[in-house]
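Novice: Structure provided below as structure tokens; questions to follow.
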Amino acid sequence: MQADIGLVGLAVMGENLVLNMEEKGFTVAVYNRTHSVVEKFVNGRGAGKKIIGAKTMADFVKSLKKPRKVMIMVKAGAPVDAVINEVLPLLEKGDLITDGGNSLFTDTQRRVKELEPKGIHYMGSGVSGGEEGARHGPSIMPGGSKEAWEIVKPIFTKISAQVEGEACCRYMGTDGAGNYVKTIHNGIEYGDMQLICEAYDILRTVLGMSAKDMQGVFADWNKGELDSFLIEVTSHVLGAKDEKTGGALVDMVLDKAGQKGTGKWTLQSATELGVVASTINAAVEARILSALKDQRVAASKILHGPKDVKFEGDKDTLVKSVHDALYASKIISYAQGFALFGRAAQEYGWKLNFGDIATIWRGGCIIRARFLNRIKEAYDRNPNLENLMLDPFFTSVLDRAQSGWRYAVATAVQHGVAVPAFGASLAYFDSYRRESLPTNLLQAQRDYFGAHTYERTDALGTFVHTEWPHSL
Ligand code: NBP
């Protein structure tokens, strides 16, 4: 028996991807640094299936059909290089390695540069959807040469999620493009989750709603334009009971989160490329602040919020406004993410197809949502759209949602509820849509203390310096 593809790294993602591939008709060879993991898998979940468990890397490579296709599914960073170094001497020209982990796109660019001259195809193929997605159909974002893509295309398009007859896997672009798209996907995921948490916080803190009440609200929202995996997850989480106390399980979960590579990488890239990613930034910072639990507990006894505020408005109106704030902020977050794609494509010479990106995120991945169809349609209408907010559909949604959005943010602020992602999104909208910003004063200040010069509004392109009065 010869394998159609081999996979190295049998942790959560690897194991489930192998079962998915096997179920879709492929024979899969598997290898893992710790061999007992292979034995456990082939004798357990993989038993009786077209799966070849290899004891050594040499046996693993020997079991692969040519051109050999090796998928690496190990921890990102040095482990990926370790696997490449081990497998490389055993491969021949024309063989292919694809890394399915959350690798930094510049690592993939470096690996492509090292391996392609040796005649080995190298791809970075981001995989989203967690355990469930890997097992039954993830969203896959492959990057590398077109030739390499053609080699893995039949397998990847078959194992990925399918939405309306279309595979949630399309070629993203050369070298690190696939990993880059996956990184921004994860950044957007951070944003989506934080926005939902802010909606939840307004409902529970300002309106005093219970988890059970909110479960109904989120379930309801999931039937409309917010229909998405994460809203559904939220309603399920809010509905879960704690067996120990009999109350809502979510109320027993510690409010402390970490943040890993991809959120940070999204922000680093945005800063480097000079693109605003304020919604994602707010989400990452919210996690950083959440991690300061001890400081927050101590501060809660010293720093006080607004006193004697009681919500006296209409409850349904606020719930509806929070919905609108969530939807509008989500549009802003995606507008920023896609603007980042636009700049990155220019910078790295990728031909990113924005409609394709929205298409392959519609299924399999964590941010899957009905709303992605609207993004796809926007880029179908205008592939050169400068900012998603300018598409007529999104312009009209923002128009419609903005009064509720402002009301929700203002109410949260009045009640001392932090809404960093709602607020950052609204500030982006209000800055982007204004012909005139207060930056005229900023430029004048800079010229005052540093003779930086400034451009006059009545003589564009001419930079002048003024000896500003030092006393009046
Ligand atoms: P982990 O990220 O936990 O990695 C565990 C695997 O890496 C094991 O097979 C382990 O082998 C192997 N490994 C390590 Br650690 N160091 C190694 C080395 N120096 N040489 C060879 N193998 C090494 O697994 P995962 O959670 O399945 O994720 C795999 C990739 O997919 C990661 O990049 C992750 O960020 C990404 N991803 C994960 C998810 C998710 O939901 N978990 C979702 C999407 C993407 P061992 O058994 O010998 O220790």
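Novice: For the stretch 33-66, name all the residues that are open to solvent by less than 20 Å² (accessible area, probe 1.4 Å) and not hydrophobic (A, V, I, L, M, F, W, C).
Specialist: Across the stretch 33-66, the qualifying residues are Gly46, Ser63.
Novice: Taking the condition surrounded by 22 or more Cβ atoms within 10 Å (Cβ to Cβ) and out of contact with any Ser or Thr (no Cβ under 6 Å at 6 or more places or on another chain), does Val28 pass?
Specialist: For Val28, the condition - surrounded by 22 or more Cβ atoms within 10 Å (Cβ to Cβ) and out of contact with any Ser or Thr (no Cβ under 6 Å at 6 or more places or on another chain) - is met.
Novice: Taking into account only those residues within the stretch 83-125 that are of a type in the set (Gly, Ala, Ser) and within 16 Å of the ligand (Cβ to nearest atom), which is surrounded by the most Cβ atoms within 10 Å (Cβ to Cβ)?
Specialist: Per the stated criteria, the residue is Gly124.
Novice: I'd like the residue in the stretch 129-165 that is part of a loop (DSSP other than H, G, I, E, B) and within 14 Å of the ligand (Cβ to nearest atom) and, out of all such residues, is surrounded by the most Cβ atoms within 10 Å (Cβ to Cβ).
Specialist: Looking at residues that are part of a loop (DSSP other than H, G, I, E, B) and within 14 Å of the ligand (Cβ to nearest atom), I get Pro138.
Novice: If I filter the stretch 406-420 for residues that are touching a Ser or Thr at 6+ places or on another chain (Cβ under 8 Å), within 20 Å of Asn186 (Cα to Cα), assigned to a helix (DSSP H, G or I) and open to solvent by less than 10 Å² (accessible area, probe 1.4 Å), do I get at least one hit?
Specialist: No, the stretch 406-420 has no match at all.
Novice: Please tell me if Ala277 is open to solvent by less than 20 Å² (accessible area, probe 1.4 Å) and over 24 Å from Thr317 (Cα atoms).
Specialist: Taking the combined requirement at face value, the residue satisfies it.
Novice: Could you say whether any residue in the stretch 207-229 is within 30 Å of Leu104 (Cβ to Cβ), modelled with pLDDT of 95 or more and surrounded by 15 or more Cβ atoms within 10 Å (Cβ to Cβ)?
Specialist: Within the stretch 207-229, the subset within 30 Å of Leu104 (Cβ to Cβ) is 228-229.
In the following step, the residues that additionally are modelled with pLDDT of 95 or more were identified as 228-229.
Filter again for surrounded by 15 or more Cβ atoms within 10 Å (Cβ to Cβ), leaving 228-229.
Checked the stretch 207-229: at least one residue is within 30 Å of Leu104 (Cβ to Cβ), modelled with pLDDT of 95 or more and surrounded by 15 or more Cβ atoms within 10 Å (Cβ to Cβ).
Novice: Would you say Tyr180 is open to solvent by 20 Å² or more (accessible area, probe 1.4 Å) and either at pLDDT 95 or above or not in a loop (DSSP other than H, G, I, E, B) (or both)?
Specialist: No.
Novice: Sticking with this one: Scan the stretch 11-21 for residues that are within 13 Å of the ligand (Cβ to nearest atom) and within 19 Å of Leu96 (Cα to Cα) and jot them down.
Specialist: Gly14, Leu17, Val18
Novice: Would you call Thr27 hydroxyl-bearing (Ser, Thr, Tyr) and more than 10 Å from the ligand (Cβ to nearest atom)?
Specialist: yes
Novice: Yes or no: the stretch 62-76 includes at least one residue that is touching an Asp or Glu at 6+ places or on another chain (Cβ under 9 Å), farther than 11 Å from Val8 by Cβ and within 10 Å of the ligand (Cβ to nearest atom). So that I can check it myself, show each step before the final result.
Specialist: We begin by selecting, within the stretch 62-76, every residue touching an Asp or Glu at 6+ places or on another chain (Cβ under 9 Å); these are 64-74, 76.
Narrowing further to those that are farther than 11 Å from Val8 by Cβ: 64-69, 76.
Adding the requirement that they be within 10 Å of the ligand (Cβ to nearest atom) leaves 76.
Yes, the stretch 62-76 contains at least one residue that is touching an Asp or Glu at 6+ places or on another chain (Cβ under 9 Å), farther than 11 Å from Val8 by Cβ and within 10 Å of the ligand (Cβ to nearest atom).
The values are calculated or read from the model by the stated rules, or taken from the named source; none is laboratory data. Since the model is a prediction, treat every value here as computed from it, not as a measurement. Heads up, the Cβs are rebuilt from the backbone with ideal geometry, glycines too, and the neighbour counts pull from every protein chain shown. Calculation scope for accessible area: heavy atoms of the full protein, side chains included, ligands and nucleic acids excluded. Shrake-Rupley method; radii C 1.70, N 1.55, O 1.52, S 1.80 Å.
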